[in-house]
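**Q** I'd like to ask you about the structure that follows.
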Ligand SMILES: Cc1ncc(COP(=O)(O)O)c(C=O)c1O
């Protein structure tokens, strides 16, 4: 049988997205390629693991009630404005399944998180990529212009990989213009809570008053638990209703549900502590790495750097790795970024290792 002929045409030639965070392949290496809470997960999660064990012989609660309740109480949202995902990655994948038909036009900045375009391509949508201007900040005016006649607009705030933040006022201008145009807005705030002052930027409270708004969040980055898959979204009631109907049954295991609830109920301060430290450290790291001449880093809006480097991204990554420090080569974001690297800010001691690696390579 010719399987190629059986495959939907949208699936042919699909290329899987490339991601950083491969530090586990490099034992003993300090991983700056992923953007996680540098303090790691909070202590005290073992209790949830033990509590989950006897439940593993049953299917988990399909609605993830304990986790859902924790989200509602932590963020002051009503239950019917919330959906749950096995990581926000699952929600990213589901959204086009629910809303897109082949040929629909979808607007997104370029570069941005690669899973959006991948999920849209699986549904046969047309990607209308809006290149970031030279300052690498999302051009909201251009996004608004392109939203006319589009089905959906994506915005990642802060944007991954570039780290720029769009102020809430501007995000809402985009949401409102899209509403007038009959366009949905998919807002990714999975990296936002680790930014100091995120409460002034988040649009969570706006989902109940904007029919076209859908916001994804995740516990992955802020609690440094990528090995557990725990995400959620807050959106308008009518969007959520359809997402909930289509959601994969039992998408969160019992362990994820209990850990998710525990983290939001008892450990939320773990995030603000990291945000505070990183806000101070990013200024110091910017100065120190720029002084080496390998990059010219300004202080980023978020807690990670996206910088042109002296050599290609691959070469810089290899050279820095000699010192057991991993940065991300950004070539996967396209030829324009072949000499860019991305690296996160971490705790002062860990940042010292990064700075030392840059210095050592600059002096070689
Ligand atoms: C901007 C952004 N959104 C969403 C995700 C998906 O994360 P998760 O599925 O762990 O929530 C990532 C992961 O790297 C990301 O960088």
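**Q** Only one of 189, 193 is within 16 Å of the ligand (Cβ to nearest atom), out of contact with any strand residue (DSSP E or B) (no Cβ under 6 Å at 6 or more places or on another chain) and within 21 Å of residue 115 (Cβ to Cβ); which? Spell out how you get there, then give the answer.
**A** Working: 189 fails: out of contact with any strand residue (DSSP E or B) (no Cβ under 6 Å at 6 or more places or on another chain).
The unique qualifying residue is 193.
**Q** Hey, can you tell me all the residues within region 154-182 that are in a loop (DSSP other than H, G, I, E, B), crowded, with 20+ Cβ neighbours inside 10 Å and free of Cβ contacts under 8 Å to residues at least 60 places away in the same chain?
**A** First pass over region 154-182, keeping only residues in a loop (DSSP other than H, G, I, E, B): 157-167, 182.
With crowded, with 20+ Cβ neighbours inside 10 Å added as a condition, the list becomes 157-163, 165-166.
Scanning region 154-182 gives 157, 159, 166.
**Q** If I filter region 137-147 down to residues being assigned to a helix (DSSP H, G or I) and in contact (Cβ under 8 Å) with a residue 12 or more places away in the chain, which single residue comes out as surrounded by the fewest Cβ atoms within 10 Å (Cβ to Cβ)? Lay out the reasoning, then the answer.
**A** Keep residues of region 137-147 that are assigned to a helix (DSSP H, G or I), which gives 140-147.
From what's left, in contact (Cβ under 8 Å) with a residue 12 or more places away in the chain: 140, 142-144, 146-147.
Numbers: 140: 18, 142: 15, 143: 25, 144: 20, 146: 18, 147: 25.
This residue is 142.
**Q** It is to be established whether one or more residues within region 27-34 are within 15 Å of the ligand (Cβ to nearest atom), at pLDDT below 90 and exposed (fewer than 14 other Cβ atoms within 10 Å of the Cβ).
**A** No, that holds for no residue.
**Q** Another question about this same structure. (1) more than 13 Å from the chain's Cα centre (by Cα); (2) within 16 Å of the ligand (Cβ to nearest atom): which one isn't true of residue 211, the others all being true?
**A** If we test residue 211 against (1) more than 13 Å from the chain's Cα centre (by Cα); (2) within 16 Å of the ligand (Cβ to nearest atom), just (2) comes out false.
**Q** Run residue 13 past the list (1) away from the ligand (no atom under 16 Å from the Cβ); (2) assigned to a loop (DSSP other than H, G, I, E, B); (3) closer than 29 Å to residue 350 by Cβ and report the number of the one that doesn't hold.
**A** Result: residue 13 fails condition (3) only.
**Q** Which of the residues spanning region 95-131 are within 14 Å of the ligand (Cβ to nearest atom) and out of contact with any strand residue (DSSP E or B) (no Cβ under 7 Å at 6 or more places or on another chain)?
**A** Result: 111, 114, 115, 118, 119.
**Q** Are any residues in region 237-259 crowded, with 19+ Cβ neighbours inside 10 Å and touching a strand residue (DSSP E or B) at 6+ places or on another chain (Cβ under 8 Å), and if so, which ones?
**A** First, pick out the residues of region 237-259 that are crowded, with 19+ Cβ neighbours inside 10 Å: 239-240, 243, 247, 251-259.
Answer for region 237-259, where residues must be crowded, with 19+ Cβ neighbours inside 10 Å and touching a strand residue (DSSP E or B) at 6+ places or on another chain (Cβ under 8 Å): 239, 240, 243, 247, 251, 252.
**Q** Looking only at region 70-87, count every residue that is touching a residue at least 60 places away in the same chain (Cβ under 8 Å), away from the ligand (no atom under 14 Å from the Cβ) and farther than 11 Å from residue 262 by Cα and tell me the total.
**A** The qualifying residues number 9.
**Q** So, in region 300-322, of the ones that are out of contact with any strand residue (DSSP E or B) (no Cβ under 9 Å at 6 or more places or on another chain) and surrounded by fewer than 19 Cβ atoms within 10 Å (Cβ to Cβ), which residue ends up nearest to residue 224 (Cα to Cα)?
**A** The qualifying residue nearest to residue 224 (Cα to Cα) is 321.
**Q** Something else: For region 218-326, list the helices (runs of 4 or more DSSP H) that sit wholly inside it and hold at least 3 residues that are over 19 Å from residue 65 (Cβ atoms) and more than 15 Å from the ligand (Cβ to nearest atom); which are they?
**A** Details: elements: 237-246, 254-266, 269-291, 313-321.
Where helices (runs of 4 or more DSSP H) fall fully within region 218-326 and carry at least 3 residues being over 19 Å from residue 65 (Cβ atoms) and more than 15 Å from the ligand (Cβ to nearest atom), they are 237-246, 269-291, 313-321.
The values are calculated or read from the model by the stated rules, or taken from the named source; none is laboratory data. In this text the structure is predicted, and so the values were computed from the model without any measurement. Cβ sites come from the backbone with ideal geometry, for glycine too, and all protein chains shown count toward neighbours.
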